[in-house]
Amino acid sequence: MEFIHSTRTPDGYLIRVVDRRPINRTPRLSAREIEVLLAWLRSDSKGEVAVLLGLGVGTINTHIARIRAKYIGVGRPAPTKAALFARAVQDGHTTLEEW
């Protein structure tokens, strides 16, 4: 992906600059978000995760929503549990061998 923007040279000319540096497409998930995500992927329900981690179901929902928002923010939406599993594997939070 590239970004095009305009800037002025020291002598006042307007030029276009194409920035082709790679964009980090891996969201920064907190340790707690990763913990919640992996627990949810291993469980049958968010209620089960809440009991396991000593949190409320609303808190689990908030963590999952924030994780999804972070993936949307880097252009890699994960609207389903299966998609979040794929992202967790792709980003090194887990491996297929662990499942």
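The values are calculated or read from the model by the stated rules, or taken from the named source; none is laboratory data. These figures come from a predicted structure and were not determined experimentally. All Cβ positions, glycine included, derive from the backbone under ideal geometry; neighbour counts span all protein chains shown.
Sub-8 Å Cβ pairs linking a first residue in the stretch 10-29 that is within 16 Å of residue 73 (Cβ to Cβ) and loosely packed, with under 10 Cβ neighbours inside 10 Å to a second residue that is modelled with pLDDT of 75 or more and of a type outside the set (Gly, Ala, Ser), at least 6 apart or interchain, are 24/74; 28/70, ordered by first then second residue.
Please work out which one of (1) in a helix (DSSP H, G or I); (2) at pLDDT below 95 is the condition residue 24 fails and give its number. Answer for residue 24: the failing condition is (1). Residue 15 meets all of the listed conditions (1) assigned to a helix (DSSP H, G or I); (2) modelled with pLDDT under 95; (3) not charged (D, E, K, R) but one, namely (1).
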